[in-house]
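Engineer: Below you'll find the structure I mean.
The values are calculated or read from the model by the stated rules, or taken from the named source; none is laboratory data. This one's a predicted model, so the numbers in the text were calculated from it and none came from an experiment. Don't worry about glycine lacking a Cβ; one is built from the backbone with ideal geometry, like all the others, and counts go over all protein chains shown.
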Number of protein chains: 2
Amino acid sequence: MPVQRIADVARHAGVSTSTVSYVLSGNRPISAETRRRVEASIDALGFIPHAGARSIRRRRTNVVALALPLRPESQVRVQMEFVLSILSAARQEGKHVLLLSTEDGVQAIREVTAGSLVDGVILMEVETEDARVALLEQLGFPTVVLGTPGPPITLPSIDFDFAAAGALEATNLMDQGHRHIGYVGHAVETFDRGLGFAVTARDAVLRTVRDAGGTATWVSTGGSRADVAESLERLFALDPDITGLVVHNETALPTVLDRLRELGRHVPRDVSVTALAPDADAEHCVPPVSNVDLPSGEMARTSFAMLLEILDGGTPEASRIPPTLQHRGSVAAPRR
Amino acid sequence: MPVQRIADVARHAGVSTSTVSYVLSGNRPISAETRRRVEASIDALGFIPHAGARSIRRRRTNVVALALPLRPESQVRVQMEFVLSILSAARQEGKHVLLLSTEDGVQAIREVTAGSLVDGVILMEVETEDARVALLEQLGFPTVVLGTPGPPITLPSIDFDFAAAGALEATNLMDQGHRHIGYVGHAVETFDRGLGFAVTARDAVLRTVRDAGGTATWVSTGGSRADVAESLERLFALDPDITGLVVHNETALPTVLDRLRELGRHVPRDVSVTALAPDADAEHCVPPVSNVDLPSGEMARTSFAMLLEILDGGTPEASRIPPTLQHRGSVAAPRR
DNA sequence: TTGAAAGCGTTACCAT
DNA sequence: ATGGTAACGCTTTCAA
């Protein structure tokens, strides 16, 4: 069966094309009988309106662009979950998702926006000085930005509250009586590049601990076993009295726990551990680790909802997803 | 500056809209002077043709749909790399990529195909009895299928040659003199679901070893440390004389190596190890492991090229990517 | 070498 | 309650 057009449906149902169009859009009253016949014809022919033709009339494509992060290397799992959640949210609203990679990012954005291929754009994990942000800002194109870019922007943005998350984890350890806290962060390049989430969370942990009169020390770490071993050694050399650990590196987390075991440091008897990591990672560790979740699903749903609000003419507030701490038994009072 | 249309460009350049169109398409000779003026106007106005309007005339959208696998849980890294490679290939051809998740898969495919939203479809990791395959087959819609579904299909497909890969790894170990070979595969659910890549590779290893007069044993394993420990224990209980290991599970690979070390089995002195895993995983292990690569980049490029061939009216052959073995020193002759 | 105008499939205004 | 038709932005035939 060839592709069907609205004229085919009209002929099949014995009505005009405008009637079919109105049945589809609901933009004017249709008698029950006519509606029934038209819908039957649509079903029989498997008619689906031509997206391009529709888009030139409606000035809507029902497609949104999702622009991937600049550095897809790390955090693949979190990102993939985010993408899947966006897809899911989009489908619920009858929208489709066009995926844009970073290579040639500005040109791709130009094409899809000026070419009326998409109605809006979601930018994942923006860094400082992102040319795409500047372009979209200047175009005034419906856009939601994930993350917190260096220079302030006018585009609506959404981010996880990494500062509050760091403070929450630090406070939890201090409340239990820990005074010497270690922070194990992402790879050193992440800090070198000044990526907001890494720097913000670390600084919040350090400040919270020190403000409460504790001692805070930090190291970055790669994901490999050797990296983790070296980083932990460095950390305990810097402060041998550490009894509480905040691990902000979901890749390294299981290896950190392994290494602690090898070092003869029992969790939580000798050292308490909390993580800033997806629930799935924290839960499946041995032992499970109390954590602040990285709620990629919630962030995806919220950012999509914000984009819809913009498309409806609204101007959503920048939103900041608050952290919540999940207790899993890896934190206890320090031995004295 | 508002969005520009072809009429704006024509006015700006002092020519007709058809002339602008012909400059854009190159479908008829244009005087050098006119071309220069028109191109200058296009640049000045930042004009990009309306994708929808273009698509109804050209009967081409320059968008392809990429349908994600049914089970996005495992192998996220490999899949993400595949997606990125598809994006990259698409951009080189000036095409865009619409991402489809599996939920509501058939309806989504219906919409984008019958709605003329995309020119073609790439289906990732098809399993047995995939309703999307049946639909696309029946529609005769340009499609490339990844993987090897159970029942034979008429759609062009592409797959990595897991049988040859398994045989290659087994042969390599046998050639070195190993006679007792163990195969460590994916999670048990993977086999339960009869996923082609897992079953095919395993069977090829087992058959190759046995045909050559050796003893072959296999286990499945999850990714966690406890799973790996348990699986290896089971494997060596089944055959204590194993001296060669084929690991077909990139997630578990580093943990397998750790565990072997803990068990006091040196690689390659006590046990030789080869992996069916992405180069990146095999290379970064301690020690690096000789491996057959999972060439997701190559598969992405090839499948995209096949889709282009279909769109050009061709009928590409099903293709089967041959394995290559990369030696990294983790295989040696067994001690005697 | 260039322009005018028809037509792609859909929507929405103007009729009846 | 329904139909005819102009218009959306572009490509391509027809004409000059």
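Engineer: For segment A:2-15, how many residues are buried (at least 17 other Cβ atoms within 10 Å of the Cβ) and more than 14 Å from chain B (Cβ to nearest Cβ)?
Structural biologist: Residues meeting the conditions: 4.
Engineer: Related question: Would you pick out the residues in segment B:18-43 that are more than 7 Å from DNA strand D (Cβ to nearest atom) and among the polar types (S, T, N, Q)?
Structural biologist: Answer for segment B:18-43, where residues must be more than 7 Å from DNA strand D (Cβ to nearest atom) and among the polar types (S, T, N, Q): B:19, B:31, B:34, B:41.
Engineer: Same structure again: Does residue A:246 qualify as being modelled with pLDDT of 95 or more and closer than 30 Å to residue A:177 by Cβ?
Structural biologist: Yes, satisfied.
Engineer: Which one is nearest to the chain's Cα centre (by Cα) among residues in segment B:1-17 that are more than 7 Å from DNA strand D (Cβ to nearest atom) and polar (S, T, N, Q)?
Structural biologist: B:4
Engineer: So how many residues does segment B:316-336 have that are without any contact (Cβ under 8 Å) to a residue 40 or more places away in the chain and buried (at least 17 other Cβ atoms within 10 Å of the Cβ)?
Structural biologist: The number of residues fulfilling the criteria is 0.
Table: residues versus (1) touching a Lys or Arg at 6+ places or on another chain (Cβ under 6 Å); (2) of a type in the set (A, V, I, L, M, F, W, C); (3) on the phi > 0 side of the Ramachandran plot; (4) not in a helix (DSSP H, G or I).
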{"residue": "B:302", "(1), (2), (3), (4)": "no, no, no, no"}
{"residue": "B:305", "(1), (2), (3), (4)": "no, yes, no, no"}
{"residue": "B:308", "(1), (2), (3), (4)": "no, yes, no, no"}
{"residue": "B:314", "(1), (2), (3), (4)": "no, no, no, yes"}
{"residue": "B:329", "(1), (2), (3), (4)": "no, no, yes, yes"}
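Engineer: Here's something else I'd like to know. State all residues of segment B:35-65 that are of a type in the set (S, T, N, Q) and either under 10 Å from residue A:115 (Cα atoms) or part of a loop (DSSP other than H, G, I, E, B) (or both); if no residue qualifies, say none.
Structural biologist: B:61, B:62, listed by residue number.
Engineer: Hey, could you check segment B:154-178 for residues that are crowded, with 17+ Cβ neighbours inside 10 Å and of a type in the set (Asp, Glu) and say which is farthest from the chain's Cα centre (by Cα)?
Structural biologist: The selected residue is B:169.
Engineer: Residue A:112: under 16 Å from residue A:303 (Cα atoms) and within 12 Å of chain B (Cβ to nearest Cβ), yes or no?
Structural biologist: Criteria not met by residue A:112.
Engineer: Only one of B:169, B:111, B:125 is acidic (Asp, Glu), in contact with a His (Cβ under 9 Å, 6 or more places away or on another chain) and touching a residue at least 24 places away in the same chain (Cβ under 8 Å). Can you tell me which? Lay out the reasoning, then the answer.
Structural biologist: Details: B:111 fails: touching a residue at least 24 places away in the same chain (Cβ under 8 Å); B:125 fails: in contact with a His (Cβ under 9 Å, 6 or more places away or on another chain).
Going through B:169, B:111, B:125 in turn, just one is acidic (Asp, Glu), in contact with a His (Cβ under 9 Å, 6 or more places away or on another chain) and touching a residue at least 24 places away in the same chain (Cβ under 8 Å): B:169.
Engineer: Got a sec? Which of B:106, B:20 is hydrophobic (A, V, I, L, M, F, W, C), surrounded by 16 or more Cβ atoms within 10 Å (Cβ to Cβ) and either closer than 29 Å to residue A:89 by Cβ or over 19 Å from the mean Cα position of the chain (by Cα) (or both)?
Structural biologist: Going through B:106, B:20 in turn, just one is hydrophobic (A, V, I, L, M, F, W, C), surrounded by 16 or more Cβ atoms within 10 Å (Cβ to Cβ) and either closer than 29 Å to residue A:89 by Cβ or over 19 Å from the mean Cα position of the chain (by Cα) (or both): B:20.
Engineer: In addition: I'm checking my understanding of the structure. Among residues of segment B:44-74 that are over 20 Å from residue B:110 (Cα atoms) and more than 16 Å from DNA strand D (Cβ to nearest atom), which one is nearest to the other protein chains (Cβ to nearest Cβ)?
Structural biologist: The qualifying residue nearest to the other protein chains (Cβ to nearest Cβ) is B:72.
Engineer: For segment B:1-34, give me the residue count where each residue is near DNA strand C (Cβ under 8 Å from one of its atoms) and either of a type in the set (Lys, Arg) or not in a helix (DSSP H, G or I) (or both).
Structural biologist: Counting residues in segment B:1-34 that are near DNA strand C (Cβ under 8 Å from one of its atoms) and either of a type in the set (Lys, Arg) or not in a helix (DSSP H, G or I) (or both) gives 7.
Engineer: Give me the residue from segment B:109-130 that is assigned to a loop (DSSP other than H, G, I, E, B) and within 16 Å of DNA strand C (Cβ to nearest atom) and, out of that set, surrounded by the fewest Cβ atoms within 10 Å (Cβ to Cβ).
Structural biologist: Filtering first and then ranking leaves B:115.
Engineer: Let me ask something additional. One residue is enough: does segment B:16-31 have a residue meeting the conditions out of contact with any Pro (no Cβ under 6 Å at 6 or more places or on another chain), within 12 Å of another protein chain (Cβ to nearest Cβ) and of a type in the set (Ser, Thr, Tyr)?
Structural biologist: no
Engineer: A further question follows. Keeping to segment A:139-163, report how many residues are assigned to a loop (DSSP other than H, G, I, E, B) and β-branched (Val, Ile, Thr).
Structural biologist: 3
Engineer: Sticking with this structure for a sec: Can residue A:269 be described as in a helix (DSSP H, G or I), of a type outside the set (A, V, I, L, M, F, W, C) and out of contact with any Asp or Glu (no Cβ under 9 Å at 6 or more places or on another chain)?
Structural biologist: Taking the combined requirement at face value, the residue does not satisfy it.
Engineer: Right, another one. Residue check: is residue A:144 within 14 Å of chain B (Cβ to nearest Cβ), modelled with pLDDT of 95 or more and more than 16 Å from DNA strand D (Cβ to nearest atom)?
Structural biologist: The answer is no for residue A:144.
Engineer: In addition: Just to be sure I understand, how many residues within segment B:75-97 are crowded, with 22+ Cβ neighbours inside 10 Å, at the interface with chain A (Cβ under 9 Å from one of its Cβ atoms) and not in a helix (DSSP H, G or I)?
Structural biologist: Qualifying residue count for the region: 2.
Engineer: Return the residues of segment A:115-127 that are within 11 Å of chain B (Cβ to nearest Cβ) and farther than 22 Å from residue A:312 by Cβ; say none if nothing qualifies.
Structural biologist: A:115
Engineer: Please enumerate the residues belonging to segment A:179-207 that are outside any helix (DSSP H, G or I) and crowded, with 23+ Cβ neighbours inside 10 Å. So that I can check it myself, show each step before the final result.
Structural biologist: Taking segment A:179-207 as the starting set, the residues that turn out to be outside any helix (DSSP H, G or I) are A:179-187, A:193-195.
Passing the criteria: A:181, A:182, A:183, A:184, A:185, A:186.
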